[in-house]
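The values are calculated or read from the model by the stated rules, or taken from the named source; none is laboratory data. Keep in mind the model is a prediction, meaning the values are calculated, not measured. Cβ atoms come from the backbone with ideal geometry, glycine included; neighbour counts cover every protein chain shown. What goes into the accessible areas is simple: the full protein's heavy atoms, side chains included, and nothing from ligands, DNA or RNA. Shrake-Rupley method; radii C 1.70, N 1.55, O 1.52, S 1.80 Å.
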Amino acid sequence: MRVPYSWLSEYCDPGIPAEKLAVRLAMTGTEVERVTTTGPLSATGFVVGKVRSVEPHPDADRLRVCTVDTGDAEGARTIVCGAPNVAAGQIVPVVKPGARMPGGMKIKKTKLRGVGSNGMILSETELGIGEDSDGILVLAEGDDSVLTAGQPLSAVLPLAEPVLELEITSNRVDCLGVHGVAREVHAITGAPLGPDPWAEDARADGDGDASDYASVDVQVPDLCPRFTARVFTEVTIGPSPPWLKARLMTAGQRPINNVVDITNYVMLLTAQPLHAFDLDRVPDGELIVRTATESEKMTTLDDIERTFDTDTVLVCDRNGPSGIAGVMGGQVSEVSDATTSVLLEVATWNGPNILRTSRNLSLRSEASGRFEKQLHPDLTMRAQRIASRLLVELCGASLVPGTIDEAVEPPEPLEIELREERLEGLLGISIDQGAQVEYLERLGFEVKAGDGTLTATTPPDRHYDVTREADLIEEVARVHGLEKHLPATLPNTAGQVGGLSRDQRLRRRAEDLVRDLGFDEIVGWSFTDAGLFDRLRIADQAAAAIRVSNPLSEEGEILRTTLLGSLLDAGRRNVARGAGRVALFESGRVYLREGEPGAGALGGSFPGHIPPPNLEPHHLGALALGPIAPASWRGDSQPADFFALKGVVEALGDGLGVEVATEAGSEPFLHPGRSARVLVAGQDAGWIGEIHPLVCREYNLDGAAGFEIRLGQLVAASTVTDEDYEDVTTFPALQQDLAIVVDDDVTAEQVRVAVRAGGGDLLRDAAVFDLYRGEQLGEGRKSVALRLEFRAPDRTLTDEEVSGLREKISAELGSIGGALRE
């Protein structure tokens, strides 16, 4: 939003430079991107001049020698001008030698074909206030003009004009109008606010009544809460006066003609868009507001034929569409040089519908940018009054009495209570109730003060923004001064101890386990495209996905329901760049319309409780292309397959103390016969398998295997408790080898368990390294050799201490029928 400083000051003059006002606006919630200057950087040397005489140039057919009065003591100056429209008696803009043009060129005295020229008469383009470069700009004509020769041009036109470029947040639609910004300046600076520009209406002196010329039929009142229309006759189409052109150009709008310029001017002033129809091109003046039929078409003002769906609202005449409601008008009833009667529409539209239409048509306009934020119906008549006065004044129009007004019941004004204790509780400071009332009244609220409580009635232009007590507190706080008055305090953490919850610790443990098994972690997008379902051969599941209402692109129009898509995308990207080993995993949320069983952060539950469905469950997925780990780790370089990934899942279960199993089952994106369902504690928890060749072809992969598990179920079933850690000792270990003779039916693990039980705390490890059978052992007997490692945390062990432990180990072996081999 570009706000010319002179236009803003017309309604509220803060009395400070634009740069200082920009800082104050930014500190109170209205971001100022930059302050720029339009036109010349200095208005010095630009004056009003009166052309006294015009003579042909003696040596150039297209040049004229003009005598121009610029109020100088030495008299009129001679200026050579090539404009075809220059004539005696005109009041014109003149730049004197020494001044600099908007482009930086310095004006000098010069000679043109032998005749001296002392200055320059300017056109709209040269001043930067319009696009007409065919001739000079004529400010007025005749001696009855109120302009005087030598008067500073900046008093007539905005020269060296500061412009505030604002970044307006979506809730502050009122600040998309200059008057709304002026009210904001009034609130934060206390500078006086001038009278409302819509307070006075135009005098209706036309013939008949508006209903004699036009009618409006609103067939979709839920999408068009209010539609107002006025009729103007005897309209003269022509260029707008210089001040209006300059104001529009400075605000970023291109002047077109007086009628269109008035609608743009009023929109920029009030934030309420308007549209003008050539009434003679609307059959019988009948307008119909309806939704489009499927594939209905219309050519808009930008000369593009557009096709509509059945949700698009159109303004139509009896022959078909004449405008897209709230977005852009059509060519069929466009105002032209031949227009003599105008139907002025000011309406209110359903904001979400306008946003959807604008997005679907890839067509944004100044009007749609305001309507999509939802305007209040009361704003329509404000715009009608201002536009009516300007049409009568600048176009010579006659306003026909009466206003066509089709409206549903308007929303009731909001009355919101503000309690002093609530304000102090949220802000941490106390603000005098008198100051609260003053701040809110400056912002346009009607306020009634009580004992410790005040009641504020929200004005129409803030109806959809300020809806609760916290909003009122925010308004009071920002006007009061957030940067200067709010205390800087730290949160009260008394009695609170930071740390991870059990679910968080187990989730990190699971991620670490997969990482330690050779996988690299990725973080994929939560958004994906609708084509993912076709690529994964699960098109029947597309309807269950959650669609984003306003996606930034087609690639992010739905929320993902599986991690496999982002894993395959990352795998394809790595393979395309020459990676020979790709093993990836992701731990993240998916988004489901129906949800999965389980509640809580990770979807877990507890005995006896039936939790609600988890709509955002946390999943753990992995994908491998080629070997999971380098050949130097594994001793081979075989590509990952179903069994390799099954080993990863089983290792994950072991690390979490969870019983993980598999059973027959598959998914459309998995290879038939090389896939299975993953069971956690007997319940289905995900899938595992090799990716289907047709899916691999979609991603230009030769093959892949992967799994995806509901991490919440793993965590809920985990038997892992809080872990204890001990310092690594600096004392050396004492190692001994034992050979133990047992029966053939005794397993090596049984032997190891018995040895550990006899060795006690000092026996830190017992590893089997040999197995022997022979005649000297006897029939049905075997010898199992173990390497024992003894270590104490506080001393170096002696042989005598370990010998005593050997006796205990020997005694423990007797329980399984074993004995030490001599």
Give the residues of the stretch 271-300 that are part of a loop (DSSP other than H, G, I, E, B) and under 14 Å from ARG226 (Cα atoms), sorted by residue number.
-> GLN272, PRO273, LEU274
Identify all residues within the stretch 471-488 that are exposed (fewer than 14 other Cβ atoms within 10 Å of the Cβ) and without any contact (Cβ under 8 Å) to a residue 60 or more places away in the chain; write none if there are none.
-> LYS484, HIS485, LEU486, PRO487, ALA488
Top-ranked residue in the stretch 202-230 [being of a type in the set (A, V, I, L, M) and over 16 Å from GLU406 (Cβ atoms); ranked as least open to solvent (accessible area, probe 1.4 Å)] = ALA202
Does any residue in the stretch 357-380 that is within 17 Å of VAL346 (Cβ to Cβ) come within less than 9 Å, Cβ to Cβ, of a residue that is among the acidic types (Asp, Glu) six or more places away or on a different chain, and which pairs are these?
-> LEU375/ASP461; HIS376/ASP461; ASP378/ASP461; LEU379/ASP461; THR380/ASP405
Taking the stretch 690-710 as the search range and keeping residues that are free of Cβ contacts under 8 Å to residues at least 24 places away in the same chain and within 37 Å of the chain's Cα centre (by Cα), which one is nearest to SER666 (Cα to Cα)?
-> CYS696
How many residues, within the stretch 531-560, are open to solvent by less than 30 Å² (accessible area, probe 1.4 Å) and not in a helix (DSSP H, G or I)?
-> 6
Would you check if there is a residue in the stretch 237-256 being in contact (Cβ under 8 Å) with a residue 40 or more places away in the chain, farther than 22 Å from GLY39 by Cα and among the polar types (S, T, N, Q)?
-> no
Criterion violated by VAL95 - all others in (1) at pLDDT 90 or above; (2) loosely packed, with under 15 Cβ neighbours inside 10 Å satisfied = (2)
Enumeration of residues in the stretch 379-398 that are farther than 22 Å from GLY177 by Cα and of a type in the set (Val, Ile, Thr) = VAL392
Given the conditions (1) in a loop (DSSP other than H, G, I, E, B); (2) closer than 26 Å to THR30 by Cβ; (3) open to solvent by less than 20 Å² (accessible area, probe 1.4 Å), and given that ILE386 satisfies all but one, which numbered condition is not satisfied?
-> (1)
Exactly one condition in (1) in contact with an Asp or Glu (Cβ under 6 Å, 6 or more places away or on another chain); (2) open to solvent by less than 20 Å² (accessible area, probe 1.4 Å) is not met by PRO283; state its number.
-> (2)
Give me the pairs: first residue in the stretch 716-737 and closer than 18 Å to ARG507 by Cα and open to solvent by less than 80 Å² (accessible area, probe 1.4 Å), second residue of a type outside the set (A, V, I, L, M) and modelled with pLDDT of 75 or more, beta-carbon distance under 7 Å, and six or more apart or on different chains, which are they?
-> SER718/GLY657; VAL720/GLY657
Got at least one residue in the stretch 494-506 being β-branched (Val, Ile, Thr) and either within 33 Å of the chain's Cα centre (by Cα) or surrounded by 13 or more Cβ atoms within 10 Å (Cβ to Cβ) (or both)?
-> no
Identify the single condition in (1) surrounded by 12 or more Cβ atoms within 10 Å (Cβ to Cβ); (2) more than 60 Å from the chain's Cα centre (by Cα); (3) of a type outside the set (Asp, Glu) that PRO793 does not satisfy, given that it satisfies every other one.
-> (2)
Qualifying position, being at pLDDT 95 or above, over 30 Å from LEU355 (Cβ atoms) and either in contact with a helix residue (DSSP H, G or I) (Cβ under 7 Å, 6 or more places away or on another chain) or open to solvent by 40 Å² or more (accessible area, probe 1.4 Å) (or both), among GLU586, GLU511 | GLU586
